[in-house]
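The values are calculated or read from the model by the stated rules, or taken from the named source; none is laboratory data. Quick caveat: nothing in here was measured; it's all calculated off a predicted structure. Here the Cβ is made from the backbone with ideal geometry for all residues, glycine too, and neighbour counts use every protein chain on show.
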Amino acid sequence: MNRTIRRASVFTLLLVFALLVRATWVQFYEGRALADDKDNRRNAIETYAEPLGNIVVAGERITGSARTKGSDLAYKRTYTDGPLYAAVTGYASQAYAPTQLEGIYADVLNGTDPRLKTVTDTVTNGRAAPGAVVTTVDPAVQKAAYQALGDKKGAAVAIDPETGRILAAVSTPSYDPAELTDANTAGEAWTRLNEDPDKPLTNRALRQPLPPGSTFKLVVAAAALEDGLYASVDERTDSPDPYPLPGTERTLGNENPDAPCENASIRVALQYSCNNVFGKMAVDLGQDKVRETAEKFGFNDDEQDVPVRAYTSVYPSDMDEAQTALSGIGQFDVTATPLQIAMVSAALANDGELVSPHMVSRVTDSGGDVLEDHDEDASTR
């Protein structure tokens, strides 16, 4: 064998060796990542090969599965009263990643959660029968909130103060999750919903913090009573009307100049929403004491899961006295979700005890055996 042939043989062997190394790397090290890739259609085929488990409200399924025709995706998700419950369920789509409860409990609902496996499933290496997600939602409360909002852009959250069970979570304008379930039509619906200026896909109930305005006065009142700044809700406060904002030439007045807000008690100030009373009260307490109380209600908690991760409601730091006064009436940089304000109201209604809000009562396997019990696990602050 001459030198040229020998060199070519060595080079060829090196190429083969490199190919084997690369194939081994892809198969054993990158295989899991490729299998889990959201664009790997095999995952969708496997997920929708069988009907999904269901999300349940008051003993009734509000989701289902329908047989498809002419597709390698055998089933697609269906919804009962989809727009009514969209802020609770989210959507399970053949084309897009699932959201809300559909996303959080995807493994339970598609039967891949290891807790669902029976001995037979393990022996046959088959997929387990899917489980169910039982919510805390009360359909009557949900419908009342949805109908009350009507065509308005807004949100509503209702919480049972004693148990923390979320009885309603509504966001309007809503959308029908069924529009996003079928891979053949989901693209058009996705584009239309995302280009809609009213942003129907935004869950305003849990994930759109805004200035809370006068609803934050409840937090300031609680701080004043807890700190001992005032002994009772009927003690008269020291509150000029209008209130001069410290360090500025501006004053803080009231929407109704005839309201009895000068030196009003906390009870009267809440009744007439007196800005002067709560602005001055926040300054008298100081931002640190107001923040401490706000955080007891759940503000500044960046891990508020219900189990959907809610956006953080914020009471700011490093304010001057004028800014602190504005924070006392829910302005400046104070932000809160409807969930957060519902938590404030629930804690006050429960004698100052805040029970962790939760939207899921329990998670079960196909036979109804409980895998998770969130009613029993609810904690208090």
Right, Ala259: touching a Cys at 6+ places or on another chain (Cβ under 8 Å) and assigned by TED's automatic domain parsing to the domain that holds Val314 or not? yes
Scan (1) acidic (Asp, Glu); (2) part of a helix (DSSP H, G or I); (3) more than 30 Å from Val170 (Cβ to Cβ) for the single condition Glu295 breaks and write down its number. (3)
Check on Gly330, small (Gly, Ala, Ser) and modelled with pLDDT under 95: no
Expected single match for of a type in the set (Asp, Glu), more than 24 Å from Tyr315 (Cβ to Cβ) and touching an Asp or Glu at 6+ places or on another chain (Cβ under 9 Å) among Glu195, Glu235, Glu262, Glu249 is Glu262
The listed residue being modelled with pLDDT of 65 or more and more than 30 Å from the chain's Cα centre (by Cα), out of Val10, Val26: Val10
For the range 160-189, what are the residues that are surrounded by fewer than 21 Cβ atoms within 10 Å (Cβ to Cβ), among the small types (Gly, Ala, Ser) and not in a helix (DSSP H, G or I)? Ser174, Ala183
Quick one: how many residues across the range 336-358 are in contact with a Ser or Thr (Cβ under 6 Å, 6 or more places away or on another chain), of a type outside the set (D, E, K, R) and not in a helix (DSSP H, G or I)? 4
Please list, ordered by first then second residue, the pairs with beta carbon atoms under 6 Å, 6 or more apart or interchain, first in the range 182-205 and of a type in the set (Ser, Thr, Tyr), second modelled with pLDDT of 95 or more. Thr202/Gln208
Might you check whether a residue that is within 15 Å of Asn275 (Cβ to Cβ) and either part of a loop (DSSP other than H, G, I, E, B) or among the basic types (Lys, Arg) (or both) occurs anywhere in the range 196-212? yes
Here are Asn254, Asn300: which of them is touching a helix residue (DSSP H, G or I) at 6+ places or on another chain (Cβ under 9 Å), part of a loop (DSSP other than H, G, I, E, B) and surrounded by fewer than 17 Cβ atoms within 10 Å (Cβ to Cβ)? Asn300
Can you say whether Asp176 is within 21 Å of the chain's Cα centre (by Cα), in contact (Cβ under 8 Å) with a residue 24 or more places away in the chain and either closer than 29 Å to Gly298 by Cα or not assigned by TED's automatic domain parsing to the domain that holds Gly298 (or both), as far as the supplied structure shows? yes
Looking at the range 124-136, is at least one residue modelled with pLDDT under 95 and within 16 Å of Asn54 (Cα to Cα)? yes
